[in-house]
Structure formats: structure tokens, C-alpha cells
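Everything below concerns the one structure shown next.
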Amino acid sequence: HNSPSVKFNVISGNGDGFLRKSKNNNFYLVFDSGKTFFGLGHNIGWVTENNIRVYAGYFKDFNEYGCNMTRVWLNNSWTLNIENKKLGKYNVGDSRKLDELMKLAKKHGVYMFLTMDSYGSLMEEMGPWGENAWKKNVYNMKKGGPCEGPGDFFTNPEAKRHYKNR
């Protein structure tokens, strides 16, 4: 099922723009405006049941203690599963939670580094935290995906196309 096409106009804003790696030093971040960014924060890579109130509590605490960034993982067995049932089919509930999370982060002045996947999603063997998620991975041929094995994820043109869409 495809959504209808929608047209929209992009206008210049008055913010600092995107946050990127500095052209002058790989260890620094800078906004498109040239303003430097020094991030201070914590990894909250997973929150039980993706409870938005828990994230809200973290962000409130971040604000109180001067933190301005965090890392959040997407699409693994621990947190927001954006594409977890079938390749190219997206989880509306967790996508909605991600939208809420983005609004919370903006409200509290927190920049998020979204980690689109976990190393565990390609593991066939059991890791120390039970990360052997290849058997459940939507890119796995046994789950209807295009990849015979984890290594194919990086080379299979169909897998790359789908991942870029995500």
C-alpha cells in the first residue's frame, strides 16, 4: 500500500542548521551556521517498553544538570523497533513514539544521536546480552528478506535499498 504524494515548500529558518562533524577536526561537532557544539550527555540506548515518561524524566534531569545530548537506539530487540515485522513495513506505534521522543528532546534542548541498528542484529552467535538477533532480522532470507547471511546485509543491493528507505 502506497501513500499519496505530497508537495511542500522548504524555506530558510533562523536556527543553526544541522549538526555535523567539523571539517577542521574530526573530534568536534559544528552546526551549519558555524557555531560549535560541545555535547554532554548519556547513552539511553534502551528504555523498558519504550516508555515515553521514562525518556521525559531523563530529559528533564539532563536539563537540570546541563546535559544536551543522548544516544537512542532504533530497530533492535531492546528499543524502538521501526521495521521489525517485515522488510519495508514500518511499525506505526514505535514510529509514533519516536515522533514523541523528538518533540521531548526539542522541548528540553537535547540533541539525539539516533543509532539506526545494533551490531546484535547481525549476530548469529549468542553474545553476552543475548544479541544473536540475525534469526529475527527482517533482512534474513528465512524471514522474507534478501540476505542469505549477515555479511550479505552490506553487499546485497536490495538490502541496501531497503535500509536507505528506512
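The values are calculated or read from the model by the stated rules, or taken from the named source; none is laboratory data. This structure is a prediction, so every number in the text was calculated from the model and none was measured. Cβ: placed from backbone, ideal geometry, glycine included. Neighbour counts: every protein chain shown. For the accessible areas, the whole protein counts, side chains as well, though only heavy atoms, and no ligand, DNA or RNA atoms are used. Shrake-Rupley method; radii C 1.70, N 1.55, O 1.52, S 1.80 Å.
Is the chain rounded, prolate or oblate when judged by the Cα gyration tensor, a ≥ b ≥ c being the square roots of its eigenvalues, rounded requiring a/c under 1.5 and prolate requiring a/b larger than b/c? Walk me through the intermediate numbers first.
On the way: a/c = 1.67, a/b = 1.45, b/c = 1.15.
Verdict is prolate for the chain.
Per-residue ellipticity at 222 nm, computed for the chain from helices alone with -39500 (n - 2.57) per DSSP H run of at least four residues, works out to -7000 deg cm²/dmol. Shape class of the range 77-125 from the Cα gyration tensor (axes a ≥ b ≥ c, square roots of the eigenvalues): oblate, since a/c reaches 1.5 or more and a/b does not exceed b/c. Solvent-accessible surface of the range 1-41, averaged per residue with a 1.4 angstrom probe and all protein chains in place: 101 square angstrom. Taking chymotrypsin sites (Phe, Trp or Tyr not before Pro) across the range 87-144, the ones in a DSSP loop with at most 11 further Cβ atoms lying within 10 angstrom of their Cβ are 129. Gain on full extension, evaluated as 0.36 nm per residue between residue 135 and residue 96 minus their Cα-Cα distance, stands at 11.4 nm. For the chain, the longest principal axis of the alpha carbon atoms and the long axis of helix 92-107 meet at an angle near 20°. Build a GNM of the chain with springs between Cα atoms under 10 Å apart, and of 11, 82, 44 the one that fluctuates most is 11.
Considering only protein heavy atoms and a probe of 1.4 Å, how much of the accessible area of the range 26-162 is carbon and sulfur, as a whole percent? Walk me through the numbers before you get to the answer.
Values: 4710 of 8400 Å².
With neighbouring chains kept in place, the figure for the range 26-162 is 56 percent.
Using R0 = 22 Å, the C-beta based FRET efficiency linking residue 48 and residue 115 works out to 0.80.
The trypsin sites (Lys or Arg not before Pro) of the range 1-64 that DSSP puts in a loop, and whose beta carbon has at most 13 other beta carbons within 10 Å, are 7, 23, 35. On the basis of the beta-carbon distance and an R0 of 30 Å, residue 103 and residue 148 show a calculated FRET efficiency of 0.15.
Close Lys pairs in the range 1-112, defined as Cα atoms under 21 Å apart and 8 or more places apart or on different chains, number 14.
So how much slack lies between residue 5 and residue 32, counting 0.36 nm per residue of separation and subtracting their Cα-Cα distance, in nm? If you can, show how the numbers build up before the last one.
Details: separation 27, 0.36 × 27 = 9.72 nm, distance 2.93 nm.
Between residue 5 and residue 32, full extension yields 6.8 nm more.
Karplus-derived 3J(HN,Hα) values for the range 115-127, using 6.51 cos²θ - 1.76 cosθ + 1.60 with θ = phi - 60°, are 8, 5, 6, 10, 3, x, 5, 10, 7, 8, 8, 6, x Hz; glycine and proline are entered as x. For the range 2-7, the Karplus equation 6.51 cos²θ - 1.76 cosθ + 1.60, evaluated at θ = phi - 60°, returns couplings of 9, 7, x, 5, 9, 9 Hz by residue, with Gly and Pro reported as x.
For the pair the range 134-166 / the range 83-126, the C-alpha centres are spaced 18 Å from each other.
Calculated accessible area for the range 62-166 comes out at 60 Å² per residue, all protein chains present (probe 1.4 Å; ligands, DNA, RNA ignored).
Which of the aspartates and glutamates could a cross-linker bridge to residue 136, judged by Cα under 16 Å and excluding same-chain residues fewer than eight apart? Residue 136 reaches 83, 117, 124, 125, 148, 152. Please identify every one of the chymotrypsin sites (Phe, Trp or Tyr not before Pro) in the range 16-62 that sits in a loop by DSSP and has no more than 11 other beta carbons within 10 Å of its own beta carbon. Hits after loop and neighbour filter: 18, 27, 38. Taking the longest Cα principal axis of the chain as reference, the axis of helix 52-64 is set at about 30 degrees.
Within the chain, the longest run free of GluC sites (Glu not before Pro) that sit in a DSSP loop with at most 14 other Cβ atoms within 10 Å is 1-123.
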